[in-house]
Amino acid sequence: MLGESHPDFGMASLFRENDFKVVAVGVKANVLVMYFLTVLVIGFVARTRWKSSPESYFLADRRLGTFVLLGTMIATNFSAFTVFGTSGAGYRDGYAFFPIMGFGTGFMAITFWILGRRIWHLGQERGAVTPPEMIRAIYGSPVLSFVFAAVMIVFTLPYLALQPMAAGYALEELVGLPYFKGCILVTGIIALYTLRGGLRSVAWTDLFQGALMSVLLGISLILVARYHGGFIVANRTLMATDPELFSRPGGLGTYTLTIWFSFMMLWFFCDPMFPQLFQRFFSAHSENNIARMMLFYPLICTVIFFIPIALGVLGHLAFPGLTGKQADRILPMVINLVSGDLMSALTIACGLAALMSTMDSQLLTLSSIFTQDVIPLVTGKHAKGQILGRAFVVFLSLAGLALAYRPPATILSIATQTFTGLAVLFPTVIFGLYCKKVHSLPALLSIIFGEGLVVLCYFGLIPTAGFLPVVPVMTGTFFVYLGVHAILLVREGVLRIAIPTWIRDPYFYVFFAIFLLALDFWAWGRSDPHWAGVPFWLVYFILLSFVLTVAMMHLVYKRKETAANYLQGE
C-alpha cells in the first residue's frame, strides 16, 4: 500500500550496490593482473641464461646503450619514494618540496660526468662487476672492500623495504588487499623475474615501467585537476585556504634555507653511491652513453617530480587533515576518488612500476655484492655460477618484507636516514678515482668515523644547527679522509701542495654559480607573483633546470679537450 515501507526494495538496492563494488574490484584486479603478467613476460623474454657469467647476469655484458641505460637509470632512481613519498611530502609541505627533488636530483647528474665515466673506464680495465670490487682494485685492500660492501648492504636494506611498503599501501587502497599481503605479492613477482633474468630482464622491465610511470602520472594530474575545475582554479582555491602550501618553508615549516641546502648536499653525495645506480655505470656500452644520459636527466627530473608533488598538494581539496604516514597514501586515495575503476587501477600500476623498477635493481646489485665480494672474503673462494646470488635475492626479498611488516616512520624520513649512511662512501670513491697516490687507511677510517656520526645524529647526540645530519656527517668524513691522507703523505715525504685542475676549469664556476642561484634566499617566505596557478619561484626552478641542461650540453659537446683532461686527471 501507498505509504508502507518496502524492505524488498531496500534489499535490492543493497545487492546492486554490492554488485557494483564487486565489479569495480574485479576491473581493478584484472588490470593489475595484466600489468604483472606483462612485466613477467618482458622479464622472461629478455632473460639471460641460467648458467651465465657474472658480467652477463649482473651487467648485461656491459652493452647497454643510451636509451636503455637512461630508462633503467631513471626507473631505478625513481622509486616508491618518488611516487608515494613525494606525493605525501607534497601534501604535508606543499610546493616547497619541488625544488629539493626536481632541481636537486637533476643537479646531482653532474656526478655522472665526474664519477660515472671514470667508474666505467675502471670497470673496463679491471673487470670490476660491483662497486666494492672497484674499491678493492683502487686501494688494494680486501678489508676496505668488505666494509664498503657492508655499508652498501646495511643502508640499502631499509630503502629496499620502502618498495613493498608502498605496494602494500597502494593495493590496500585500490582493491582492499590487506597491507602485508600486498607487500608479499609484489615482492614475489619482482623476485621471480629478477631471479630468472638478471640485468637484461631488469633493464628492459625498467624501461617499460619507467615509461608507464611517466605517462600515467601525467594523466593522473590531468584527471585530478579537471575534477577540481582545472589546474589553475584548483591551485587558486587552495591558495585562499592553505597559502602556506605555496611558499617556503612549506606547510609544516620544514624546508628552511638550511634544510634546502642540506638536501642539495644529500642528493649530490648519496645518489651516485646507491649501489644499483653505481653498478649501472659499469653496464654502459661506452662512456658516451653515460654523458648523453646526463644531458636528459635534469629536465626529466623536473617533470617527473613536479607531478606527484602537485597531486599531493591538490589532495588537500578532497582529503584535508591527513597527518604523518597517512599522507603517504594520498595518491591512491585521490585517484580512487576522481577516476573510474580502469584509470585508477592503471594509475596505481604506475606507482607499482616505480617501486618494482627500483626493488629489482636493488635485489640484483646487492646479490652481486654478496657473491662477488662477501663470499670470496669469508670463504677464500670465488662463487661459481650465480646460484648463491639468486639465493641471496630470495634472502633480501624476505629481509625487505620483514622491515616492511611494521614501518616505523614516513617514507621520506626512512629514506633520508638511509641516504646519509650511503653518502659517507663518497669521499672514498672520488679521492680513489682522482688522487694519484691512495692509501686504504684514510678511506677505512673516514667510513668508520662517518657512520659513527650517522648513529650519533640519529640518536640526537650531535647538534646539527638546523641542518640535516648529512652536513656534519660529510664535513667530518671529508676531514678525516683528507687529514689521514695528508699525514701519510708527509710520513712518506711525498706531500706536494698544488692547485687542483678543477680550480682552473671554467665549468667548475659555471656549475657553482648555478648551485648558488638555486639557493634563492630572496624568494623565501613569498608566494607571489603567480603564473598558471603556481608561485613564480617554482617556475624559476624549471628555468634553472633548463640552464643546467644547456651548461651540461656545452660541457659534453663543445669542450672535448676539457673532457679528455678530466679523464686523464691532468
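The values are calculated or read from the model by the stated rules, or taken from the named source; none is laboratory data. Since we're looking at a predicted model, the values are computed, not measured. Cβ: placed from backbone, ideal geometry, glycine included. Neighbour counts: every protein chain shown. For accessibility, only protein heavy atoms count, side chains too; no ligands or nucleic acids. Shrake-Rupley method; radii C 1.70, N 1.55, O 1.52, S 1.80 Å.
When peptides 540-552, 486-498, 61-73, 96-108 are sorted by average Cβ neighbour count within 10 Å, with the highest value leading, the order is 96-108, 61-73, 540-552, 486-498.
Applying a threshold of 29 Å to the alpha-carbon distances of Lys181/Lys325; Lys436/Lys558; Lys381/Lys436 flags Lys381/Lys436 as lying beyond it. In this structure the amide hydrogen of Phe319, modeled in the peptide plane, comes within under 5 Å of no amide hydrogen from residues 5 or more places off or on another chain.
When every Cα-Cα distance of the range 126-264 is counted in 10 angstrom steps from zero, the calculated P(r) takes the values 9, 17, 29, 26, 13, 4, 0 percent. Between amide H atoms placed 1.01 Å from N, distances below 5 Å from Leu468 occur with Ser262, all of them 5 or more places distant or on a separate chain. Shape descriptor for the range 297-349: Rg over Rh equals 1.02 (Cα atoms; Rh from the Kirkwood inverse mean 1/r).
Counting every pair of alpha carbons in the chain, the share spaced more than 31 Å apart comes to 48 percent.
Averaging over all projection directions, the Cα-based convex hull of the range 252-360 occupies 9.3 nm² in the image plane. Convex hull volume of the C-alpha atoms in the range 454-557, normalised per residue: 183 Å³. From most to least packed by mean Cβ count within 10 Å, the peptides 508-518, 235-245 give 235-245, 508-518.
Of the options Met134, Pro463, Ala353, report the single residue whose Cα projects farthest towards the positive end of the charge dipole of the chain (beta-carbon charges: Lys, Arg +1; Asp, Glu -1). Most positive-ward Cα: Met134.
Only Lys, Arg, Asp and Glu carry charge here, each on its Cβ (+1 for the first two, -1 for the last two); on that basis the chain has a dipole of about 1560 debye about its Cα centre. Ligands, DNA and RNA are left out, and with a 1.4 angstrom probe the accessible area of the chain is 40 Å² per residue. For the range 105-250, the Cβ-based charge dipole about the Cα centre amounts to some 360 debye (Lys, Arg positive; Asp, Glu negative; other atoms uncharged). Span-like helix criteria (full DSSP H runs; alpha carbon extent of at least 30 Å along the helix axis; mean Kyte-Doolittle hydropathy of at least 1.6) are satisfied in the chain by 536-558. Judged by the mean number of other Cβ atoms found within 10 Å, the most tightly packed of the peptides 344-353, 296-305 leads the ranking 344-353, 296-305. Counting only protein heavy atoms and a probe of 1.4 Å, the accessible surface of the range 443-547 is 77% carbon and sulfur.
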